[in-house]
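Values quoted throughout were computed directly from the atomic coordinates according to the rules given, and no laboratory measurement underlies them. Quick caveat: nothing in here was measured; it's all calculated off a predicted structure. Note that we place each Cβ from the backbone using ideal geometry, even for glycine, and neighbour counts take in every protein chain shown.
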Amino acid sequence: MISFEGFTLLILLFILAPIVGAIILLFLFIFEKRIDLLENKAKKIELEKELQQALYSQLNQQIQPHFLFNSLNVILTLARLKRNEELVRALEVFSQFLKFKYKTDEPMIPLREEIRYTEYYIEIQKLRFGARLSIAMECEERLKQAFIPPFVLQTIVENAFKHGLERKVGDVSLNVRFYHKDENAYLTVLDNGPPDSPADEPPEPGGTTEQLEKSGYGLDNIRRRLHLCFADQADLTMRFIQGSGTEVHVKWPFITKPAAEEVPR
């Protein structure tokens, strides 16, 4: 015969067993939902990363035809003027550019490569402008290790020629300076061309003013690529300085080896 205490324990067991089972099922349900939530979040992050990579690649490819068309226009101008020696040199430099272009498929490259790439474009412009053009470029050796998205410097230089120097009569100049401060790298490009439009003129002689958002397709492309790589740690601004010309200023983190997870590929 079952004792009273045993009967009581048996009753409690029958009462508590469904409750404990229900609690266990509830925890399993919550745990499963949590796993599903984490999996969905991981898929969303991966999808956003893939979209960023696709956007970055698209932006990167959009930059390159600009350089191609502008370089071909320079070569065509030399041919029409029958400046044969300069034409041959321009074609040599252009072929070097094409070789470099098709070897450059990385989302970030060392600054020294970006400078060398841009020098191909500058060499063609030197042939076009002749003695009218003066170029100054300053970059300390250590900074050449810094990584940067490709075609940043070249696009800014091209923009300076297209929207400023090509419209200036007389001597034209372009000053490029790289420097670093704290944990950031900086680039300034100053040309002595006129402002892009009368609306960009400063209100008072000798003063400075931020230009309106008329920096063109190329600079907007750079802003977007910098944001994809560095988010709010990078910045690009442009202003017209009375008596000096147009200045573009770029800031980005000074890194010598980009982390794979931080760079769109």
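Taking other Cβ within 10 Å of each residue's Cβ, how do Asp171, Asp235 sort, fewest first?
Sorted ascending by nearby Cβ count, the order is Asp171, Asp235.
If neighbour count is taken as other Cβ atoms inside 10 Å, put Cys229, Cys139 in order from fewest to most.
Cys139, Cys229
Given R₀ = 22 Å, FRET efficiency for Thr237-Arg132 by Cβ-Cβ distance, to 0.05? Could the numbers behind the result be given before it?
Numbers: r = 28 Å, r/R0 = 1.28.
About 0.20, to the nearest 0.05.
Residue-wise, which Karplus ³J(HN,Hα) couplings in Hz belong to region 156-163, taking 6.51 cos²θ - 1.76 cosθ + 1.60, θ = phi - 60°, and x for glycine or proline?
Along region 156-163, the couplings run 5, 5, 4, 4, 5, 5, 5, 9 Hz.
Pull up all non-local amide H partners of Val172: gap of 5 or more, or a different chain, and H-to-H distance under 5 Å with H placed in the peptide plane.
Result for Val172 returns Leu133, Ser134.
Could I have the simple spin-label model distance between Ile30 and Glu141, label points 7 Å from Cα toward Cβ, reported in nm to one decimal?
It works out to 6.3 nm between the two label points.
If I stretch the segment between Glu166 and Glu183 completely, what's the gain in nm (0.36 nm per residue apart, minus their alpha carbon distance), one decimal?
Contour length minus Cα-Cα distance gives 2.5 nm.
At 0.36 nm per residue, minus the direct Cα-Cα distance, what do Ala79 and Leu37 gain on full extension? Give it in nm, one decimal, please.
Length gained, Ala79 through Leu37: 8.7 nm.
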